[in-house]
Amino acid sequence: SDIAMLGLGLKHPHVQADAYEESLIGLWHLDNDPIDAAGYQTVYLFGTPSFASGVLGPSMLLSGDDEILVSNQASLDPGGSFLSLLAWVKTTSSLQQVILSKGSRGATGYELRMSASGLVEFEKSGSSADPVLTSSRKVNDGSWHFIAAVGLGSGMGIYIDGNLDAQN
């Protein structure tokens with residue numbers, strides 16, 4: 001699958017548009033390198049990712065064995081803050097794929113993933129009983145899709161290509 005841009009923001013949902021970039025705590029364009037454009041996070045590459053044509057220029061091509069790892073820093077913890085996870089993805093896979101995650105089940109963290117059936121799943125957790133929000137639209141059709149998962153407190157939403165697809 002191709003993953004082009006990953007962004008992570010922790011901020012209140014009513015941040016003015018021109019201040020949004022200042023609220024980012026990580027932004028990886030993944031166009032020719034894995035460097036964080038926001039300048040805050042260290043990134044490590046595992047496997048042999050390559051580059052291919054993407055929606056906004058070059059994109060990083062991650063096969064099933066490739067991984068991008070960001071160091072585990074407290075600034076990536078959502079706490080009670082607003083959380084937004086953003087990614088451009090292109091895949092035809094029928095395997096579950098993690099797009100972006102931090103933490104593990106039962107720990108404070110979050111995960112944005114694609115299920116084996118091609119649906120987007122978003123989990124913002126603090127315990128093993130936390131709900132998983134699932135989209136109704138599949139994204140494993142071989143086309144580029146812009147996925148945004150947002151959370152504020154216990155409220156969560158999944159946007160696909162700019163349209164709200166699921167919310168709780």
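The values are calculated or read from the model by the stated rules, or taken from the named source; none is laboratory data. All figures in this text were calculated on a predicted structure; none of them were measured in a lab. Here the Cβ is made from the backbone with ideal geometry for all residues, glycine too, and neighbour counts use every protein chain on show. Accessible surface is based on the protein model in full, side chains and every heavy atom, while ligands, DNA and RNA are left aside. Shrake-Rupley method; radii C 1.70, N 1.55, O 1.52, S 1.80 Å.
Things worth noting here:
- Residues being assigned to a loop (DSSP other than H, G, I, E, B) and farther than 21 Å from TRP88 by Cβ - total across the stretch 117-168: 9
- For SER84, the conditions (1) touching a His at 6+ places or on another chain (Cβ under 8 Å); (2) modelled with pLDDT under 85; (3) under 30 Å from PRO58 (Cβ atoms) are fulfilled apart from (1).
- Among the residues of the stretch 127-149, none qualifies, meaning not one is at pLDDT below 85 and open to solvent by less than 20 Å² (accessible area, probe 1.4 Å).
- Count of the stretch 56-73 residues which are open to solvent by 60 Å² or more (accessible area, probe 1.4 Å), part of a loop (DSSP other than H, G, I, E, B) and either under 22 Å from TRP144 (Cα atoms) or at pLDDT below 65 (or both): 4
- Restricting the stretch 114-126 to residues that are open to solvent by less than 20 Å² (accessible area, probe 1.4 Å) and touching a Leu at 6+ places or on another chain (Cβ under 8 Å), the residue that is modelled with the lowest pLDDT: GLU123
- Filtered residue count, the stretch 153-163, keeping only those that are open to solvent by 30 Å² or more (accessible area, probe 1.4 Å), within 16 Å of the chain's Cα centre (by Cα) and under 19 Å from PHE82 (Cβ atoms): 2
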